[in-house]
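What follows is one structure encoded as structure tokens, with my remarks underneath.
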Amino acid sequence: MNLILGQVQLDTIYNTLKEQLVDVGVQSSILIDTAGNIIASVDNGNNRRDIYSLAALAAANFGAMGSMAKIVGEEEFSLLFHKGEKENIYFSKVNDDFLLINIFDNQISLGFLRLKVTKVVEELLSVLITK
């Protein structure tokens, strides 16, 4: 899909990620397309990551997981979670074209984040579908 986002849509996406995720403790929230291009990126000001490499690897990781899902008889896995000692990454499929990556520490529970991401995905879909 060739979706062209205007400044109003990009601002809405940025504000949604900031207010709903970063302002409640997520360290970084990144909306990417399935090719690994960054659409929007918001962080808490302490981000020292190479988000471009992260986006490309996340898209590839999600693609690989899609193939694994089919091997085990699933249509897809709509979310991925990687837990580290200090930081965690939660990937969520927004739709067939976009993925949401959230990096968070152990101060936020996965359950809380999943609830917030569910609401954010709904809001993002309303922005991404409206042209």
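The values are calculated or read from the model by the stated rules, or taken from the named source; none is laboratory data. Fair warning: this is a prediction, and the values are worked out from it, not measured in the lab. In this analysis, Cβ positions are derived from the backbone assuming ideal geometry, glycine residues included, and neighbour counts consider all displayed protein chains. Remember, those area values only see protein heavy atoms, side chains included, never the ligands or the DNA or RNA. Shrake-Rupley method; radii C 1.70, N 1.55, O 1.52, S 1.80 Å.
Taking the stretch 79-116 as the range and being open to solvent by less than 60 Å² (accessible area, probe 1.4 Å) and hydroxyl-bearing (Ser, Thr, Tyr) as the test, the residues that pass are Tyr90, Ser92. Residues in the stretch 20-61 that are open to solvent by less than 20 Å² (accessible area, probe 1.4 Å), free of Cβ contacts under 8 Å to residues at least 40 places away in the same chain and assigned to a loop (DSSP other than H, G, I, E, B): Gly36 only. Checked against the criterion of being out of contact with any Gly (no Cβ under 7 Å at 6 or more places or on another chain) and under 20 Å from Val117 (Cα atoms), the stretch 67-76 has no qualifying residue.
Give the residue that is least open to solvent (accessible area, probe 1.4 Å), with candidates limited to residues of the stretch 62-77 that are part of a helix (DSSP H, G or I) and out of contact with any Leu (no Cβ under 7 Å at 6 or more places or on another chain).
The residue in question is Ala69.
Only residues that are within 16 Å of Glu87 (Cβ to Cβ) and among the polar types (S, T, N, Q) were counted in the stretch 2-40, giving 3.
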